[in-house]
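Report on one structure; see the data block that follows.
The values are calculated or read from the model by the stated rules, or taken from the named source; none is laboratory data. Please read all numbers here as calculations on a predicted model, not as lab measurements. A quick note on method: Cβ atoms are made from the backbone with ideal geometry, for glycine too, and the neighbour counts reach across all protein chains shown.
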Amino acid sequence: MADTAVDPIEQIGDDFHADPHAYYRRWRPNGPVHQLRGNRGATFWVVIGYAEARTALTDPRFRKGIAGLREVLEAHGQELFEDTAALSGHMLNTDPPDHTRLRKLVNHAFTPRHVAAMRPRIEEITAALLDELADRDEVDLLAVFANPLPTIVICELLGVPLEDRDDFRAWNKVLIGGAATAEQAQAAAAAMGGYLRGLIAAKRAAPVDDLLSGLVHAVDAGDSLSEDELVSMSFLLLLAGHETTVNLIGNGLYRLLQDPAQFEALRADPSAIPAAVEEFLRYDGPVGWATLRYTVEPVRLGETEIPAGELVYVAVSAANRDPARYAHHDRLDVTADASAHLGFGHGLHFCVGAPLARLEAVTAFTALLARFPELRLADETFTPHWQTNVVLRGLDRLPIRLHP
């Protein structure tokens with residue numbers, strides 16, 4: 001008989017972000033689906049099993065549409081503020097047929113063929129950033145490399161002035177950092193929305209050869225993006241195209257440097273780096289939990305029934321370490337098979353930018369290990385501070401010694 005609406009297991013503590021897998025290991029013996037209570041008192045469900053996660057990521061009974069989400073949030077005593085909602089109506093928060101329409105308009109920019117054509121420019125940016133580090137001994141690799149690389153790439157792809165990057169990174173930090181007040185989040189969302197509306201107006205008046213100009217003027221079968229859709233889509237591409245790749249590089253390098261033998265293996269055989277990037281995505285990828293879903297009817301996952309009108313997260317970081325799927329589940333192994341991991345999601349919301357993220361990460365690791373073959377953590381006792389956000393997982397800093 002299925003369990004229904006049982007008392008929440010527990011409330012996530014402040015130590016969750018430092019080691020979420022300690023929680024997952026404690027929950028896993030009790031099944032792949034758990035009900036929790038959030039910091040503001042509302043309850044939600046989290047899926048931690050691999051098989052169940054794949055189901056939840058594809059089952060149409062789990063919805064993402066922003067209008068329905070607003071209703072469910074309000075029923076749970078939570079509020080979706082207007083300024084934040086204005087940035088949230090993108091394809092990640094829509095269901096078919098709207099999702100199909102929105103995704104079709106951006107798909108062409110992220111096809112493997114189109115991304116492959118960007119390789120020379122990404123390699124050029126990577127080499128220039130590493131050239132600037134040649135004479136330095138100790139650096140925060142996030143600040144001087146992992147952050148600038150995807151920032152420059154996504155700014156050039158979208159057509160965002162590079163000189164504005166500090167502004168949108170500051171707004172993003174507030175919106176995704178997890179520690180901002182509601183007032184701070186609303187202010188950052190309003191500033192970001194205003195900036196993007198101004199940029200869109202400029203592209204409409206004087207289009208150039210970039211993705212944002214293409215979206216502003218795109219017409220597909222008589223369809224185009226509304227002003228609000230342009231704003232929210234620009235926000236998604238700017239945020240997702242930057243933050244996730246920063247964390248993929250940062251998390252992957254940190255975990256690699258914790259195991260010198262695996263570092264040396266990759267340095268000796270750069271051809272293994274693409275497969276290693278997949279393992280970084282599996283073991284400690286840039287996404288902890290997939291963005292929020294809600295049920296439109298009762299759904300049974302495993303032995304648990306989730307009622308209709310419930311908020312649901314899919315913990316892809318937990319699913320990617322499910323011992324039922326990966327024999328090396330709790331161990332980084334750059335030689336192991338990490339195929340079918342959920343680091344980029346699964347189903348119709350699979351990350352549209354996955355080919356670009358993979359290319360940037362492979363280029364970054366290949367160049368780093370070749371240019372600085374003896375790089376190490378600056379302090380072997382370094383204890384990382386992780387962002388306090390359940391959706392995006394990343395370090396605040398990564399102090400590295402580049403030379404012996």
For the stretch 234-262, what are the residues that are in contact (Cβ under 8 Å) with a residue 60 or more places away in the chain, over 20 Å from Phe110 (Cα atoms) and among the hydrophobic types (A, V, I, L, M, F, W, C)? Leu253, Leu256, Leu257
Going through Leu377, Leu281 one at a time, which residue ends up being surrounded by 22 or more Cβ atoms within 10 Å (Cβ to Cβ) and either of a type outside the set (Asp, Glu) or within 29 Å of Leu402 (Cα to Cα) (or both)? Leu281
Just a yes or no: is a residue in the stretch 222-239 among the small types (Gly, Ala, Ser) and touching a Gly at 6+ places or on another chain (Cβ under 7 Å)? yes
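The rows are residues; the columns are (1) surrounded by 13 or more Cβ atoms within 10 Å (Cβ to Cβ); (2) out of contact with any helix residue (DSSP H, G or I) (no Cβ under 9 Å at 6 or more places or on another chain); (3) among the small types (Gly, Ala, Ser).
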| site | (1), (2), (3) |
| --- | --- |
| Ile154 | yes, no, no |
| Glu163 | no, yes, no |
| Lys173 | yes, no, no |
| Thr181 | no, yes, no |
| Ala185 | yes, no, yes |
| Gly193 | yes, no, yes |
| Leu196 | yes, no, no |
| Ser226 | no, yes, yes |
For the stretch 378-392, state whether one or more residues are more than 24 Å from Phe16 (Cβ to Cβ) and of a type outside the set (D, E, K, R). yes
Residue count for the stretch 218-274, restricted to those that are in a helix (DSSP H, G or I), over 16 Å from the mean Cα position of the chain (by Cα) and acidic (Asp, Glu): 4
Please return the ranges of helices (runs of 4 or more DSSP H) entirely within the stretch 47-158 where 3 or more residues are without any contact (Cβ under 8 Å) to a residue 12 or more places away in the chain and out of contact with any His (no Cβ under 8 Å at 6 or more places or on another chain). 66-75, 119-131
Tell me, which residue of the stretch 36-46 that is in a strand (DSSP E or B) and modelled with pLDDT under 95 is surrounded by the most Cβ atoms within 10 Å (Cβ to Cβ)? Phe44
Which one is farthest from Arg25 (Cα to Cα) among residues in the stretch 353-366 that are surrounded by fewer than 22 Cβ atoms within 10 Å (Cβ to Cβ) and at pLDDT below 95? Pro355
